[in-house]
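Here is the structure we will look at.
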Amino acid sequence: MVSAMVSAVVRTVLRWLLGAALFGAGVGPLTAQREEFRAQVPRWFPIDEDVVVVISGIVESAVGLALILLVRHRGVVGTVG
């Protein structure tokens, strides 16, 4: 019983840490770090570099928030993320 509770707490803490890390990583491309992220998009990629960076930042932030906020749907969020 106790080990199941400890396991649940550990999983929750790790899920929050991963969500916070993903959210933090997703905010970077939406702020002053955009130029550094634009340099990572290959020149041959057919979509504008800025669009790719902004969309990837939004998606990464959304997945991070979903890991933290959508507790009831964590299985689906984990599959998407």
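The values are calculated or read from the model by the stated rules, or taken from the named source; none is laboratory data. All of these numbers come straight from a predicted model, not from anything done at the bench. Glycine gets a Cβ as well: all are built from the backbone with ideal geometry, and neighbour counts include every protein chain shown. Surface areas here come from the heavy atoms of the whole protein model, side chains and all, with no ligands, DNA or RNA. Shrake-Rupley method; radii C 1.70, N 1.55, O 1.52, S 1.80 Å.
Conditions (1) modelled with pLDDT of 85 or more; (2) of a type in the set (A, V, I, L, M, F, W, C); (3) open to solvent by less than 80 Å² (accessible area, probe 1.4 Å), marked per residue:
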site	(1), (2), (3)
Ser7	no, no, yes
Ala21	yes, yes, yes
Gln33	no, no, no
Asp48	yes, no, no
Ile58	yes, yes, no
Ser61	yes, no, yes
Val77	no, yes, yes
task = Out of Val41, Val27, Val53, report the one residue that is of a type in the set (A, V, I, L, M) and in contact with a Ser or Thr (Cβ under 7 Å, 6 or more places away or on another chain).
result = Val27
request  = Write out, first by first residue and then by second, each pair whose Cβ atoms fall under 7 Å of each other, whose residues are 6+ apart or on separate chains, and whose first residue, in the stretch 29-51, is closer than 20 Å to Ser61 by Cα while the second is assigned to a helix (DSSP H, G or I) and of a type in the set (Ser, Thr, Tyr).
outcome  = Pro29/Ser56
